[in-house]
Amino acid sequence: MVDYDAPLYLISVVAKILGVHPQTLRQYEKEGLVEPKRTDGKMRLYSQRDVDKIKTILRLTRDMGVNLAGVDIILRLKERLDELDSLNEQLQAHVKKHATTPTEAKQIQKTSYELILFKKS
């Protein structure tokens, strides 16, 4: 099983896979949208998570006309929603575990907010 966060791909490979110029990827890094790992020789290495994030960035910019500042805000909101969903799941599990009656346990409903734009990992 390959680690989703393992730095595997050189910038040229990612650019070719996604059909973008390597300068585009450098711009995304400069804007703080992606943070590829670096080798000792300072070569950029992208993980599969980075590649998927870049696909999302391209979808937002190309298909939806969002500028890079908007992409940054959307990605930050997405990360925060994921954190809150995780916390919500933990709290629901805790409450269900300590519920005193079956009715109390049934009243706890999972509410998840997922943007269709993003794939759950």
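The values are calculated or read from the model by the stated rules, or taken from the named source; none is laboratory data. The model shown is predicted, which means the values in this text are computed figures rather than measured ones. Surface areas here come from the heavy atoms of the whole protein model, side chains and all, with no ligands, DNA or RNA. Shrake-Rupley method; radii C 1.70, N 1.55, O 1.52, S 1.80 Å.
The table below gives the values:
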read-out: Derived scalar couplings ³J(HN,Hα) [the stretch 24-29; Karplus, 6.51 cos²θ - 1.76 cosθ + 1.60; whole Hz; x for Gly, Pro]; value: 4, 5, 5, 5, 4, 5
read-out: Cut-off under 5 Å, modelled amide H: who pairs with residue 66 long-range; value: 61
read-out: Relative contact order for the stretch 32-97, counting Cα pairs under 8 Å that sit 6 or more residues apart, in percent; value: 20
read-out: Residue 10 long-range amide H proximity, modeled H, under 5 Å; value: 46
read-out: Cα-based Rg and Dmax for the stretch 7-97, where Dmax is the largest Cα-Cα distance (Å); value: 16.2, 52
read-out: In Å², nearest 10: area of residue 21 left accessible to a 1.4 Å probe; value: 120
read-out: 21 Å Cα cut-off, lysine pairs counted over the stretch 7-97 (separation 8 or more, or different chains); value: 13
